[in-house]
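Structure first, commentary second.
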Amino acid sequence: MNDWPYPFLFAHRGGGRLAPENTLAGMMKAAEYGYGAVEFDVKLTADNVCVLLHDDTLERTTDGHGPMASKRFAQLQDIDAGRWKGEEFAGEPIPAFSDVGLYCVRNQLLANVEIKPCPGREVDTGKLVARDAALFWQGEAVPPLLSSFSYEALQAAVTAAPWLPVGWLIDHWHEDWQARLQTLEAVSLHCNHKLLTAARVDAVREAGYHVLAYTVNDVARARELKGWGVSGVFTDELGVMRDEGVLGEG
Ligand code: G3P
Ligand code: MG
């Protein structure tokens, strides 16, 4: 529990609300604002390239169409993943995980890599994201923290790269959380912050696991969670958390 290397604040989906989610522009925004860690979502193309995208389909955050699981990497090259957020981001591509991994390592941005499989691709996504993460962060002092809502993907990730730390993501409370974390040899439980109470945080910490909370955009709530012993929160409000001093508190 004591050698936790990650800061309290993770910039959610890269740049939070300041940049198009899951793009290099977002990672740059996090670095520019002084963040020490980013969270982003990774899934597979049809030809098994790891890329950053939150949704199963392209429409919400790009000018592409259809499910990511049906696209080959080469078919993504002309897709714009920035303009929806503002003209200044026009031309921003869907990044390969390799490009974002390299950016993080070069700029000393720590990473929580969320494995976000398209339906039916859980095992392959867990395996390939973990394999890539191990490669991109090879020799780095602090490894990327892998997480997923998909327990199956996490099991595959642990099998592929057992030395990387993993956290299980939940958006409803599972009474068997301790057995599930133990089976995975996880280091952390990543909860929707609305699920958390001081008692639940105490119980998870007493069992020897860190608690992380998403998505925390309110300064008072971030401080309350920290006071309960939560080790990290994911925020979209990069500017507010910085300007109100939460970022400076570690
Ligand atoms: O990893 C924390 C958070 O990103 C999980 O939710 O939907 O934003 O990926 P989502
Ligand atoms: Mg995420």
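Side notes on the structure shown:
- Accessible area in square angstrom per residue, segment 64-191, 1.4 angstrom probe: 47 Å²
- Springs join every pair of Cα atoms under 10 Å in this Gaussian network model of the chain, and among Lys226, Lys194, Lys127 the largest mean-square fluctuation is at Lys194.
- Fraction of antiparallel bridges per DSSP, the chain only, in percent to nearest 5: 15 percent
- For segment 179-237: rounded, prolate or oblate by the Cα gyration tensor [a/c cutoff 1.5]: prolate
- Ratio Rg/Rh [Cα only; Rh per Kirkwood] for segment 17-61: 1.02
- List His174, His65, ordered by accessible area with a 1.4 Å probe, largest first: His65, His174
- Linear extension gain, Arg242 paired with Ala220, 0.36 nm per residue minus alpha-carbon span: 6.6 nm
- Accessible heavy-atom area order of Phe97, Phe149, highest first, probe of 1.4 Å: Phe149, Phe97
- The alpha carbon centroids of segment 119-146 and segment 7-86 are separated by 17 Å.
- Once the gyration tensor of the Cα atoms in segment 127-190 is diagonalised, the equivalent ellipsoid follows with semi-axes of 22, 11, 10 Å, ordered largest first.
- Across the chain, the volume of the C-alpha convex hull divided among the residues equals 116 Å³ per residue.
- Chain lengthening between Arg131 and Gln77 when straightened (0.36 nm per residue, less Cα-Cα): 17.1 nm
- Sulfur and carbon atoms: percent of accessible area, the chain [1.4 Å]: 47 percent
- Cβ-Cβ FRET estimate between Thr159 and Trp4, R0 fixed at 22 Å, reported to 0.05: 0.35
- Amide H contacts for Leu110 (H built 1.01 Å from N in the peptide plane; partners 5 or more residues away or on another chain; cut-off under 5 Å): Ala37, Val38.
- Highest mobility in the GNM of the chain, judged by mean-square fluctuation with C-alpha springs under 10 Å and restricted to Ala161, Ala37, Ala130, is found for Ala161.
- Alpha-carbon spread of segment 117-247, three principal axes, descending order, Å: 40, 33, 30
- Shape call, segment 20-109: gyration tensor on alpha carbons, a/c limit 1.5: oblate
The values are calculated or read from the model by the stated rules, or taken from the named source; none is laboratory data. Here the structure is a predicted model, which means the values were calculated and not measured. Backbone-built Cβ (ideal geometry, glycine too); neighbour counts: all protein chains shown. Areas reflect the complete protein model, heavy atoms only, side chains present, ligands, DNA and RNA absent. Shrake-Rupley method; radii C 1.70, N 1.55, O 1.52, S 1.80 Å.
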